[in-house]
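Take a look at the structure below.
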Amino acid sequence: MSSNYEKNLPNQEGYFGEYGGKYVPETLMLALSELESTYLSVKGDLDFQKEIDKDLSSFVGRPSPLYFAERLTKKYQGPKIWLKREDLNHTGAHKINNTVGQIILAKMMGKSRIIAETGAGQHGVATATVAARLGLDCHIYMGAEDVQRQSLNVYRIKLLGAKVHPVDSGTSTLKDALNEAIRDWVTNVDDTYYIIGSVTGPHPYPMIVRDFNAIVGRELIEQANNNFGKNPDAIIACVGGGSNAIGIFHPFIDKDEVELIGVEAGGEGIKSGKHAAPLNDGKPGILHGAKSYLMQDADGQVMSTSSISAGLDYPGVGPEHSYLKDVGRAKYLAVTDQEVMKAFHELSELEGIIPALETAHAFAVLPEVCSKMDSSQNIVLNVSGRGDKDISSVASIEGINLE
């Protein structure tokens, strides 16, 4: 376990060590500066925090429970396994924590139009939800492939009054949706607020999204103490861009006794090259306005990704995760699509909880992690989202016709 993590990051230039920064067109520099100054001016304001806390309580349903997974614990005969139930939030995932905070910032900045990118659709649903509450014009960019495999969430977004823009360029997945959202923002920067859904993108977004989602880890500190009288011995969360993981990790980063384990999408296997695991098989590069670990070829071109999960199907990762990897404070594993499917069914059948395919990645490392721990220890897994949205995809993969 490393204690080399420098506190109070990012620095004033938006870097976590060598990662992060602002690599954007000049057109966006003023908008980013305005966002940063607004956020920093209200971050410590009690009225601002009270407004967020009120929405998280009365609208989102926080705090989310910490649940003891008795049957999973019995199966693995090692540490006690606990689940942080972000799937029980309104809209079904952790994404709503961040959109509640950012929509309040948008309102304070006088923005009348909201845009967002989405992969699995959960961030799109969460953004459309908070925009509907305030009556704001909302546009969601989504890769055409993801529109097909996440059709339920596409319809939910439309029901909430937002417009979905399918993106056909590139691989037609999350990376390309983010490209189009940035193009929109450049064109409409005066009246438009871009709610980024993960801890990626240019500063100050990785900081803002982390801070808003860190409510998960702060709740866990109190819940762990109430349930087993100490901090968890390990915390496990899936990692794509990395918002759910950094949200639960961040309040524990300076607590060296807590092992932090992120799980990336190994797709068909790391050696196959068909995956979405830049922390396991990437190198530093620049994508979507920030420097971070990135899947790229010998010429520095962004590589195509492959994952059963739309929400993890992204060639980059948040800069703070890159820094945590380099200093050794967090460990990042990768699991294959096949292992994910096994974990998806296992959690459903043993605990009556159908997880999102993204979330199932975290559960897929339980055999490896539990084998190294004993019954005096406690693991917490972040159940980042529920699996309703993935039922059709899973059925299709398994050759089951739902019609």
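The values are calculated or read from the model by the stated rules, or taken from the named source; none is laboratory data. Since the model is a prediction, treat every value here as computed from it, not as a measurement. Counting neighbours? That spans all protein chains shown, and the Cβs are built from the backbone with ideal geometry, glycine included. Just the protein is used for accessible areas: all its heavy atoms, side chains included, with ligands, DNA and RNA removed. Shrake-Rupley method; radii C 1.70, N 1.55, O 1.52, S 1.80 Å.
Of the whole protein surface, Asp233 contributes about 30 Å² of accessible area at a 1.4 Å probe radius. For Val60, the accessible area of its heavy atoms, probed at 1.4 Å with every protein chain present, is near 10 square angstrom.
For Ser375 and Ser151, the FRET efficiency from 1/(1 + (r/R0)^6), where r spans their Cβ atoms and R0 equals 51 Å, is about 0.70. Sorting Arg156, Arg218, Arg62 on solvent-accessible area from highest to lowest, probe radius 1.4 Å, gives Arg218, Arg156, Arg62.
For the listed peptides 110-120, 281-291, 194-204, 63-73, a ranking on the average number of other beta carbons within 10 Å per residue, highest first, reads 194-204, 110-120, 281-291, 63-73. Placing unit charges on each Cβ (+1 for Lys and Arg, -1 for Asp and Glu) gives the chain a dipole about its Cα centre, and among Ala265, Ala343, Asn231 the Cα reaching farthest toward its positive end belongs to Asn231.
A simple charge model with +1 on the Cβ of Lys and Arg, -1 on the Cβ of Asp and Glu and nothing else charged puts the dipole of the range 101-171 at about 340 debye relative to its Cα centre. Overall, the range 351-393 carries a charge dipole of about 40 debye about its Cα centre when +1 sits on the Cβ of Lys and Arg and -1 on the Cβ of Asp and Glu, all other atoms neutral. Of interest is the spacing of the C-alpha centroids, which for the range 300-359 and the range 212-263 amounts to 16 Å. One decimal place: the segment Tyr23-Asp388 gains 127.7 nm when fully extended, by the rule 0.36 nm per residue minus the C-alpha distance. The portion of the accessible surface of the chain made up by carbon and sulfur, rounded to a whole percent, is 48 (1.4 Å probe; DNA, RNA and ligands excluded).
The dipole here belongs to the chain: it is taken about the Cα centre, uses +1 on the Cβ of Lys and Arg and -1 on the Cβ of Asp and Glu, and is about 640 debye. As a test of the formula, what do you get for the chain when each DSSP H run with n ≥ 4 contributes -39,500 (n - 2.57) and the sum is divided by the residue count, at 222 nm and rounded to the nearest 500 deg cm²/dmol? Helix contribution divided over all residues of the chain: -12000 deg cm²/dmol. For the listed peptides 172-180, 369-377, 28-36, 331-339, a ranking on the average number of other beta carbons within 10 Å per residue, highest first, reads 172-180, 331-339, 28-36, 369-377. Solvent-accessible surface of the chain, averaged per residue with a 1.4 angstrom probe and all protein chains in place: 39 square angstrom.
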